[in-house]
Amino acid sequence: MERSELIEKIKKIAPGTPLRHALDDIQDASVGGLIFFVDDYKKYGQLMQIGFLLNCQFNPNKLYELAKMDGAIVVDDDLTTIVGANVQLIPDHTIPTNQTGMRHRAAERMARETGRMLVAVSKRRNTMTIFLGDYVYTLNSVETLTSKITQTIRTAEKYKEAFIEALQGIEFMERAGSLTLFDVVKTIQKGLMVVLICEEADFTIAELGNHGRFPAMQLAEILVNVNEEIENLILDFSEELVDQDSLEEVFEEMKSLSEKEISSFGIILRHMGYEINTASQAVEYFIRSRGIRFARHIPRIPLQVAINLGKEFGTFSNLLESTEDELKDVDGIGEKRASAIRHAIDVYKKSGEITIPGF
């Protein structure tokens, strides 16, 4: 099961939804409850005994009243029908579970056996827990979530500021001829942390429901151009120039790294094609860019054309000395693009800075 599937399920239970209204009432009344969500209840006939087959229209108040009965409640996935109540779930008892209460043990085993979602409302602990496949996720209060997302935004902003500062440092060091692989990897690590923090906030945003709209906009703003800049660093400084398809593959692999893996120089270096493994080795490895990042910041220069420039000229310094005629010899570049690139080079030589859109 994909992580995105759980996020979509959480959205159905977010504050302001009819289902959450019923679950809040069940929790406030301290009656406890277990809801089993199915696509077709007949498929799971061997795993449950239905006390009352209802097939009535879904209604939050009905769900709350039915929770006062023993057993689980079966609801269809699209939340249009309450299938049955007073249901005894009979999952395979040999399926391992880390839960303690009977309701939660049954829910975890049922989720693992069927791949369907169950929500358990604990009477004793006053919590709501989602079980979906092997995922177990305990819902939080809006107050807790608001505090958490505020801290997440602050942390993401700090890493974004550090990432921008590191990018500027790369420009300065390259101009001075002192840029090392260590500096590049440290910059990529900062960018990946921004991406990781924002992606991990998806659960919190989904759980906040309507309350998460503004924080989601803030995080989206923080992420502007971060992915592209990490791609640029991969294109400019990987051991071998990667093509467009390989770039996507490498970047997706990097985005899937955990916080611990991101902090490992060896792992980042291997993803960039280097055989060296340590920070001390990277400090001694001086490096020059291919000028692809510079080209991608020129308006209306496609990614493939920027890669073609890096392949043709090899280094940023060679690109800076190119003529319009030499630029027109590059695949995908005509007279207008050659003129635009040459103009950007002239501006760069005067200012000594790469303009990063949106930063």
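The values are calculated or read from the model by the stated rules, or taken from the named source; none is laboratory data. Small disclaimer: the values here were computed from a predicted structure and weren't measured. Reconstructed Cβ throughout: ideal geometry from the backbone, glycine too, with neighbour counts over all protein chains shown. These area figures cover heavy atoms from the full protein model, side chains too; ligands, DNA and RNA do not enter into them. Shrake-Rupley method; radii C 1.70, N 1.55, O 1.52, S 1.80 Å.
Can you give the helix-only mean residue ellipticity at 222 nm for the chain, where every DSSP H stretch with n ≥ 4 adds -39500 (n - 2.57) and the sum goes over all residues, rounded to the nearest 500 deg cm²/dmol?
On the way: 17 runs with 198 residues, N = 359.
For the chain, the value works out to -17000 deg cm²/dmol.
So what are the ³J(HN,Hα) numbers for segment 46-58, from phi and the Karplus equation (6.51, -1.76, 1.60; θ = phi - 60°), rounded to whole Hz, Gly and Pro as x?
6, 9, 7, 10, 8, x, 10, 8, 9, 6, 9, 5, 5
Which translational diffusion coefficient, to the nearest whole µm²/s, is obtained for segment 159-315 from the Stokes-Einstein equation, given a Kirkwood hydrodynamic radius over C-alpha pairs, 20 °C and 1.002 mPa s? Show your work: numbers first, answer last.
On the way: Rh = 16.4 Å.
Estimated diffusion coefficient is 131 µm²/s.
Over the chain, average the accessible area per residue using a 1.4 Å probe and give it in Å², no decimals.
Numbers: 18010 Å² over 359 residues.
Roughly 50 Å² per residue, with all protein chains present.
Any idea what angle helix 142-176 forms with the longest principal axis of the chain, computed on alpha-carbon atoms, 0 to 90 degrees, nearest 10?
That helix lies at roughly 10 degrees to the long axis.
Please figure out what share of the DSSP beta bridges in segment 1-159 is antiparallel and state it in percent, rounded to the nearest 5.
Expressed as a percentage, antiparallel bridges in segment 1-159 total about 85.
Would you work out if segment 41-142 is rounded, prolate or oblate? Take a ≥ b ≥ c from the square roots of the eigenvalues of the alpha-carbon gyration tensor; rounded if a/c is under 1.5, else prolate when a/b is larger than b/c, oblate otherwise. Could you put the intermediate results ahead of the total?
Numbers: a/c = 1.60, a/b = 1.16, b/c = 1.38.
Oblate is the answer for segment 41-142, as a/c is 1.5 or above yet b/c matches or exceeds a/b.
Taking N as the number of residues in segment 274-359, what is its Cα Rg relative to 2.2 N^0.38 Å?
Working: Rg = 14.5 Å, N = 86, 2.2 N^0.38 = 12.0 Å.
Working it through for segment 274-359, the quotient is 1.21.
Could you give each residue of segment 266-279 its phi-based ³J(HN,Hα) in whole Hz, using Karplus coefficients 6.51, -1.76, 1.60 with θ = phi - 60°, and x for Gly or Pro?
Karplus-based 3J(HN,Hα) across segment 266-279 equals x, 5, 5, 4, 5, 5, 8, x, 8, 8, 6, 10, 10, 5 Hz.
Against the longest principal axis of the chain, how steep is helix 303-313, in degrees 0 to 90 to the nearest 10, with axes from Cα atoms?
30
Using the crude model of +1 on Lys and Arg Cβ and -1 on Asp and Glu Cβ, and no other charge, please compute the dipole size for segment 297-336 relative to its Cα centre, in debye to 20. Could you put the intermediate results ahead of the total?
Details: 4 positive and 8 negative charges, 54 e Å.
Magnitude of the dipole: close to 260 debye.
In terms of the Cα gyration tensor, with a ≥ b ≥ c the square roots of its eigenvalues, is segment 94-221 rounded because a/c is under 1.5, prolate because a/b exceeds b/c, or oblate? Walk me through the intermediate numbers first.
Numbers: a/c = 4.10, a/b = 2.28, b/c = 1.80.
Taking the square roots of the gyration eigenvalues as a ≥ b ≥ c, segment 94-221 is prolate.
Mind listing the phi-derived Karplus ³J(HN,Hα) values for segment 198-215, rounded to whole Hz, using 6.51, -1.76 and 1.60 with θ = phi - 60°, and x for any glycine or proline?
5, 5, 5, 6, 4, 4, 5, 4, 4, 5, 6, x, 4, 6, x, 5, 5, x
Which one of Phe163, Ser246, Val184 is farthest out on the positive end of the charge dipole of segment 138-247, using unit charges on Cβ (Lys, Arg +1; Asp, Glu -1) and the Cα centre as origin?
Phe163
Counting only the heavy atoms of the protein chains, how much of Asp39 is accessible to a 1.4 Å probe, in Å² to the nearest 10?
Spelled out: Asp39, probe radius 1.4 Å, area about 80 Å².
To the nearest 10 degrees, how steeply does helix 226-237 sit against the main Cα axis of the chain, on a 0 to 90 scale?
Tilt relative to the chain: about 40 degrees.
Give the carbon-plus-sulfur fraction of the accessible surface of the chain in %, rounded to a whole number; probe 1.4 Å, heavy atoms of protein chains only. Spell out each step's value before the answer.
Values: 8580 of 18010 Å².
The C+S portion of the solvent-accessible surface of the chain is 48 percent.
Determine the gain in length on full extension of the stretch Glu284-Thr144; use 0.36 nm per residue of separation and subtract their C-alpha separation, reporting nm with one decimal.
Values: separation 140, 0.36 × 140 = 50.40 nm, distance 4.63 nm.
This chain segment gains 45.8 nm when fully extended.
If the only charges are +1 at each Lys and Arg Cβ and -1 at each Asp and Glu Cβ, what is the size of the charge dipole of segment 1-110 around the Cα centre, to the nearest 20 debye?
Values: 12 positive and 15 negative charges, 35 e Å.
Rounded to the nearest 20 debye, it is 160 debye.
Among Val347, Val136, Val185, determine the one that fluctuates most according to a GNM of the chain built with springs between C-alpha atoms less than 10 Å apart.
Val347
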